[in-house]
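Scroll down for the structure; my scribbles are underneath it.
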Amino acid sequence: MKKIAILGSTGSIGTQTLEIVREQKDIQVTAIAAGSNIELLEQQIREFLPSLAAVWEEEKANELRIKTADLNVKIVSGMEGLLEIATEPESEILVTAIVGMLGIRPTIAAITAGKTIALANKETLVTAGHLIMPLAKKHHVQILPVDSEHSAIFQSLQGEQENRIHKIILTASGGPFLGKNREELKNIQVEDALKHPNWSMGKKITIDSSTLVNKGLEVMEAKWLFDVKPEQIQVTVHPQSVIHSAVEFEDGAVIAQLGTPDMRLPIQYALYYPNRRSLSGKRLDLFELSSLTFKKPDTETFCGLSLAFTAMERGGNIPTVFNAANEKAVAMFLDRKISYLAITDIIEACMNQIDIIKHPTLEQVLDTEQAVYEFIESRW
């Protein structure tokens, strides 16, 4: 019986992880954490019977304690609660499906405790990859990617560890606004940006996908996961989302992973690696495909991607600036406080304003996040 803990159990990745647990029947969930959705969290506690559960606010935690008083479950809260989930003694794997930089400290704690990391929280590596990867190596901990693109790269590298990567081909669907120019994006509303053509995801990542900022974050994550240089990562727009990403080796051979757009596949691959399991759902039928198309991304219209490469090249705490500015800007857009195009305007302004720290400590990474938030609040 495999034992796992989940950070972000009520979100898109968390609920799909629990679908796999429900289907496979040989995974025990020992600990789960959610932000504020205690109604769904209570249902999950009753179904999967973890011994430990966390919710962010202590007030919500108290409410959940009352709701689950008939169960043998400990309810914790805040960052201390997340750290307790991350280091829960019985779990072997921590699924980090929490959104944002909130995931950094629990991931570090889990690595130090020797847990395998099923990583769906890309912000952890974007902002603290220089701390996370050496720590994982020190503690002999595997970091298994859950993002579909990074899982595809990871799968393509199996059996190829001794061979040199020439290029990573990171595919992007292009989002709901593929082919539009900046003039056409001026009046985009929240509802428009939340209509992704292929994937079912949470609100924040869906907005990020529409701006191509998500692809920029994935580029930075790929740098750390696969130890490649920025110039070795090529983003290719592939609207059908059938090729999830690929690797070109030094001899010119390209190995790719294909499949239907179903996040359960990379989640399940991380949970059972290196083994595969049967998975329900629609299978890829090559006869149904009329064509697979590829094009260069429009980085003038969707400048979030080019800003990400700039942040990665400048290094230090600038990827944190990029990430934090985007988190704040997306939240403001979802609250209808700024326009759609203002998201990348805010990111660029922050990158030009915040002082660079070449080798930031964890505290300096977190301080940078706060400095970005304060700068945005003073200007917008």
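The values are calculated or read from the model by the stated rules, or taken from the named source; none is laboratory data. Treat the numbers as computed from the prediction; the structure is a model and nothing was measured. Every residue, glycine among them, receives a Cβ derived from its backbone with ideal geometry; neighbour counts consider all protein chains shown. To get the accessible areas, we keep the full protein, side chains included, count just its heavy atoms, and leave off ligands, DNA and RNA. Shrake-Rupley method; radii C 1.70, N 1.55, O 1.52, S 1.80 Å.
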inquiry  = If you average the C-alpha positions of the range 305-328 and of the range 128-146 separately, how far apart do those two centres end up, in angstrom?
reply    = 20 Å
query = What whole number of Å gives the distance from the Cα centroid of the range 243-260 to the Cα centroid of the range 336-380?
reply = 35 Å
message = I'd like the FRET efficiency for Q189 and E288, computed as 1/(1 + (r/R0)^6) with the beta carbon distance as r and R0 of 51 Å, rounded to 0.05.
response = 0.95
query = Straight-line reach from K215: which lysines have Cα under 18 Å away, leaving out those fewer than 8 places along the same chain?
reply = K122, K167, K180, K195, K203, K204, K223, K229, K295, K296, K328
remark   = If each K or R counts +1 and each D or E counts -1, the residues other than H244 whose Cβ falls under 12 Å of its Cβ total -4
Highest-first arrangement of 20-28, 292-300, 75-83, 113-121, where packing means the average Cβ count within 10 Å = 113-121, 75-83, 20-28, 292-300
message = Report the Cα centroid-to-centroid distance between the range 1-75 and the range 187-238 in angstrom, as an integer.
response = 28 Å
Accessible area expressed per residue, the chain, with surrounding protein chains retained (probe 1.4 Å, Å²) = 44 Å²
query = What is the chain's relative contact order, in percent, from Cα pairs under 8 angstrom and six or more apart in sequence?
reply = 15 percent
ask   = Once every DSSP H run of n ≥ 4 in the chain is given -39500 (n - 2.57) and the sum is divided by its residues, what mean residue ellipticity at 222 nm do you get, rounded to the nearest 500 deg cm²/dmol?
value = -14000 deg cm²/dmol
inquiry  = So if I average 1/r over every pair of distinct C-alpha atoms in the chain and take the inverse, what Kirkwood radius in Å does that give?
reply    = 21.3 Å
Net length gained if the chain between T15 and W380 were fully extended (0.36 nm per residue, minus Cα distance) = 127.9 nm
note = Of every hundred units of 1.4 Å-probe accessible area on the chain, the number belonging to carbon and sulfur atoms, as a percent, is 49 percent
ask   = Once you have the alpha carbon radius of gyration of the range 1-110, what is it after dividing by 2.2 N^0.38 Å, with N set to its residue count?
value = 0.94
key: Positive minus negative residues near V76 (Lys, Arg vs Asp, Glu; Cβ under 14 Å)   = -4
ask   = For the range 260-380, what relative contact order do you get, as a whole percent, if you take Cα pairs closer than 8 Å and at least 6 residues apart?
value = 23 percent
remark   = Taking N as the residue count of the range 283-361, its alpha carbon Rg divided by 2.2 N^0.38 Å gives 1.47
task = Just order 227-238, 171-182, 315-326 by mean Cβ neighbour count inside 10 Å, highest at the front, would you?
result = 315-326, 171-182, 227-238
ask   = Taking the alpha carbon gyration tensor of the range 274-321, what are the square roots of 5 times its eigenvalues, largest first, to the nearest whole Å?
value = 36, 21, 8
query = So, in nm, how far is label H140 from label K67 when the simple model puts each one 7 Å beyond its Cα toward the Cβ?
reply = 4.2 nm
